[in-house]
Amino acid sequence: MKKLFLVIFALCMGIAHATPILFIHTGSGSGSLDGVSFDNAAFTITSYADTDDRDSYSAGYFIHHLSSMIEIEGVGVLNLVTATRTFVNNNSSIVGYSRSSGADLFNGPVNAAFNVWDMLSSIGPIFGNASLLQWTLSDVVTDQGVLIFDSGSSNASFQAITIPTPHALMLLGAGLLMFSLRKKIVD
């Protein structure tokens with residue numbers, strides 16, 4: 001039985017699977033969608049990504065989104081066509097949302113928890129101030145036209161939620177079962 005436990009344990013530990021993750025940025029701002037203005041509207045950016053796609057840069061980490069949408073109060077729900085990513089700057093204790101090229105769109109909030117966050121686990125919600133910037137650098141294209149936010153500050157929140165996959169839950173269950181059986185045999 002001990003050999004069976006060791007074989008199953010080794011198999012479970014040797015199988016690496018990425019974890020899906022949701023990034024949720026909230027704030028408010030003024031701007032326009034395809035030339036139609038909106039003023040001081042609350043928004044929520046929700047992006048889906050995979051921790052297996054995490055990359056590093058000199059100050060922290062980033063993950064490119066598989067999909068990203070923004071819900072703007074009074075405007076609607078827009079799917080982003082422009083490639084985006086979420087990043088953490090461990091040196092500056094800040095999280096943000098940017099174009100895939102790295103041009104920042106929404107920076108914040110700032111919090112000491114971001115000094116050590118590696119983007120592989122859930123965090124938040126964390127509240128604070130954020131900045132909208134660089135939306136006019138190049139078009140941010142949505143399924144309903146070009147979205148532009150005016151530069152400015154906003155109250156904000158950020159949350160990352162890892163999503164256990166059915167496979168990961170199955171491995172956890174098998175590991176707990178084997179641990180339980182091993183404990184009964186040893187006792």
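If a residue must be within 30 Å of Pro164 (Cα to Cα) and exposed (fewer than 14 other Cβ atoms within 10 Å of the Cβ), how many such residues does the range 130-147 contain?
So the first thing to find is which residues in the range 130-147 are within 30 Å of Pro164 (Cα to Cα), and the list is 130, 142-143.
Of the ones still in play, those that are also exposed (fewer than 14 other Cβ atoms within 10 Å of the Cβ) are 143.
Matching residues across the range 130-147 total 1.
Within the range 34-65, the residues that satisfy the criterion of being within 28 Å of Pro164 (Cβ to Cβ), among the charged types (D, E, K, R) and in contact (Cβ under 8 Å) with a residue 12 or more places away in the chain are Asp50, Asp52, Asp53, Arg54.
Mind telling me which of the residues Ser68, Ser98, Ser28 ends up being under 15 Å from Ala160 (Cα atoms), buried (at least 18 other Cβ atoms within 10 Å of the Cβ) and in contact (Cβ under 8 Å) with a residue 12 or more places away in the chain? It would help to see each step written out before you state the result.
On the way: Ser98 fails: under 15 Å from Ala160 (Cα atoms); Ser28 fails: under 15 Å from Ala160 (Cα atoms).
Of Ser68, Ser98, Ser28, the one residue that is under 15 Å from Ala160 (Cα atoms), buried (at least 18 other Cβ atoms within 10 Å of the Cβ) and in contact (Cβ under 8 Å) with a residue 12 or more places away in the chain is Ser68.
Scan the range 100-121 residue by residue and report those that are under 14 Å from the mean Cα position of the chain (by Cα), over 18 Å from Gly29 (Cα atoms) and not hydrophobic (A, V, I, L, M, F, W, C). Residues satisfying the conditions are Ser100, Asp118, Ser121.
Taken over the range 79-129, the criterion of being aliphatic (A, V, I, L, M) and part of a strand (DSSP E or B) is satisfied by Leu80, Val88, Ile94, Val95, Leu105, Val110, Ile123, Ile126.
In the range 73-89, the residue that is nearest to Asp143 (Cα to Cα) out of those that are without any contact (Cβ under 8 Å) to a residue 40 or more places away in the chain and surrounded by 17 or more Cβ atoms within 10 Å (Cβ to Cβ) is Thr84.
All of the numbers you see were taken from the coordinates with simple rules; none came from a lab. This is a predicted model, so every value here is computed, not measured. Using ideal geometry, Cβ is built from the backbone for each residue, glycine included, and neighbour counts are taken over all protein chains shown.
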